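The values are calculated or read from the model by the stated rules, or taken from the named source; none is laboratory data. The structure displayed is predicted, hence computed values, not measured ones. Cβ atoms come from the backbone with ideal geometry, glycine included; neighbour counts cover every protein chain shown. Each accessible area value is taken on the protein alone, full model and side chains, heavy atoms only, with ligands, DNA and RNA left out. Shrake-Rupley method; radii C 1.70, N 1.55, O 1.52, S 1.80 Å.
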Amino acid sequence: MLLALIIACEIGFWVLLAGGLALRYLARMPRLGAAVLLCEPLLELVLLIASVVDLKNGGEPDWKHGLAALYIGYTVGYGHYTVKWLDGHAAHRFAGGPKPPGATYGKARAVHEWKLWARTLAGAAVALALLQTAIWYVGDSADTSGLQNWQLVALRILGIQALIAATYTIWPRKAPAGKEPEPEQVRVDR
């Protein structure tokens, strides 16, 4: 059941996102669209409660609980960023808004990648905290090695993101000949 809920939360995230953006820009109902977008954190709350209830009712701590913790961590680290990024692109595409700036070259790209690493760090910290809390909650009554393995997965993801950011710092991507980034394009955060 927990796996089905994780899948339902992921589908729900994208449905709410698409619905909220459609209401904002296609139906011209920005307040209702914003309200729909603000409902997204409720999905993670439902998933967290379901995981705790499953463990409380004697559910064996396994990979599904670990996946739920990583999913919640990802949402904390990247959820708002994803919504804001897609909102900027939807505003540009459907409402005549300005093109969202991007950091594609040089130092601006390296800074952008380190900001993404900071988001990954936040997500990993939340996932690690949730997993450790679950390990303490279950205690010695069950095998928690599956949850500990997911902690290692979170740390690996954090390490991979750090390597990616480091490569953009050490070997910055150069703009193609004749195409220097404009000042608006170097802006990193949206």
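So the values come out like this:
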| quantity | calculated |
| --- | --- |
| In the stretch 87-103, residue surrounded by the fewest Cβ atoms within 10 Å (Cβ to Cβ) [restricted to those that are under 15 Å from residue 20 (Cα atoms), within 19 Å of the chain's Cα centre (by Cα) and in contact (Cβ under 8 Å) with a residue 40 or more places away in the chain] | 88 |
| Any hit, the stretch 104-118, residues being on the phi > 0 side of the Ramachandran plot and surrounded by fewer than 17 Cβ atoms within 10 Å (Cβ to Cβ) | yes |
| Of the criteria (1) out of contact with any Gly (no Cβ under 9 Å at 6 or more places or on another chain); (2) open to solvent by 70 Å² or more (accessible area, probe 1.4 Å), which one residue 4 fails | (2) |
| Contacts under 8 angstrom Cβ, first residue in the stretch 28-50 being part of a helix (DSSP H, G or I), partner at pLDDT 90 or above and open to solvent by 80 Å² or more (accessible area, probe 1.4 Å), 6 or more apart | 44/76 |
| Scan of the stretch 156-178 for residues that are touching a helix residue (DSSP H, G or I) at 6+ places or on another chain (Cβ under 7 Å) and part of a helix (DSSP H, G or I), ordered by number | 157, 158, 161, 162, 164, 165, 168, 169 |
| Single match in 47, 32 (criterion: within 18 Å of residue 14 (Cα to Cα), of a type in the set (A, V, I, L, M, F, W, C) and over 21 Å from the mean Cα position of the chain (by Cα)) | 32 |
